[in-house]
């Protein structure tokens, strides 16, 4: 790990978030350097040949090697407890890279029916065209995952907590079932981040991130990443080198700074979310609240065991349907009406008409995403101000 002596003790997450991965140049800069260059110059033809062949490690071309991107990869790997990390241009490109690096035409995926809408579209439409089939099963039913396994099944893909209903998958149980049949397990850890959950420690093979969300934390740039053992990430790197879904150096630099405050932000946002969820659960115009930190959540006990906090995502159903839900959204003056999440600014969206709008109505219904459902990604504002903003629209139902 760059910047650390092998003799030093294991560092805690808040230290890793600030110090891991940094490589200083000959100038000795204290902050991470931003390397805005498309290519790198070699001292000789022989050195160029060695770099291109991989005989010697080093920077070649920023499509697949850049010092700033490498620093971000090493820092995130340290936080996830992973041997290696490959950064990509976005969370969706990270998922695509992971799948195409390890699967081929004729292979099969078992995935949660409660995945993010764009992930469902990727698996159902784009990957299906390549001959990679997907069976969607309930996130919380391990027997359904096992029943869906085929001889050609190569991957379990789960997102826990799920978007937007915060359903919790039992990572250890699913991993045991998959590994007994030689199946890889990949976990989208976007909602929890390594601060609240470390899937690799629970047996998962790979962890995927939309770095756009909490890892940045301020809604500034796009990014993605795949973390895991090098024997698996090196296949992702090969795909990245050729296909080019590359994280830009500038975005990597922004994400590095985002990671420095990750623990502080995620823990504070999680505490705010719990307070807001309790308030919503007691509100007469709210039919149901979905939040892993509430005892009413169906997987509350599992969340307590598997996560270090409930996270910052709170979803709830209003009394009514789309008209009433939109009324709450339209009367917000403080909450940002946007589908992004993980920001220091609280956001609100209506999943059925935004993040999951491209999914057929019957599939949305099967996933439990009704017309009265709203999703809030809680930020760092005073919770009392968030409550007052929501109360305005709720009072009109």
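So here's what we get for this one:
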item: CD proxy at 222 nm, helix term only [per DSSP H run n ≥ 4: -39500 (n - 2.57); per residue of the chain; nearest 500]; result: -10500 deg cm²/dmol
item: Nearest-ten-degree value, helix 230-243 long axis tilted from longest Cα axis of the chain; result: 90 degrees
item: Relative contact order (%) - region 13-260, alpha-carbon pairs under 8 angstrom, separation at least six; result: 26 percent
item: Ellipsoid semi-axes in whole angstrom, largest first, where each is sqrt(5λ) of the Cα gyration tensor of region 209-312; result: 34, 17, 12
item: Rg(Cα)/(2.2 N^0.38 Å) for region 34-127, N = residue count; result: 1.39
item: Among 247, 294, 334, residue whose mean-square fluctuation peaks in a GNM of the chain (springs only between Cα atoms under 10 Å); result: 334
item: Inter-label distance for residue 34 and residue 12, nm, one decimal - labels placed 7 Å from Cα along Cα-to-Cβ; result: 3.2 nm
item: Residue among 282, 377, 186 with the largest mean-square fluctuation in a Gaussian network model of the chain, springs linking Cα atoms under 10 Å; result: 282
item: Over region 263-394 - Rg/Rh using Cα atoms and the Kirkwood inverse-distance radius; result: 0.95
item: Candidates 48, 363, 249: whichever shows maximal mean-square fluctuation once the chain is modelled as a Gaussian network with Cα springs under 10 Å; result: 48
item: Distance histogram in 20 Å bins (all Cα pairs of the chain, percent per bin); result: 28, 56, 15, 1
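Read-outs throughout are calculated quantities, based only on the coordinates presented, and are distinct from any laboratory measurement. For clarity, every value in this text was computed on a predicted model and none was experimentally measured. Note that each Cβ is placed from the backbone with ideal geometry, even for glycine, and that neighbours are counted across all protein chains shown.
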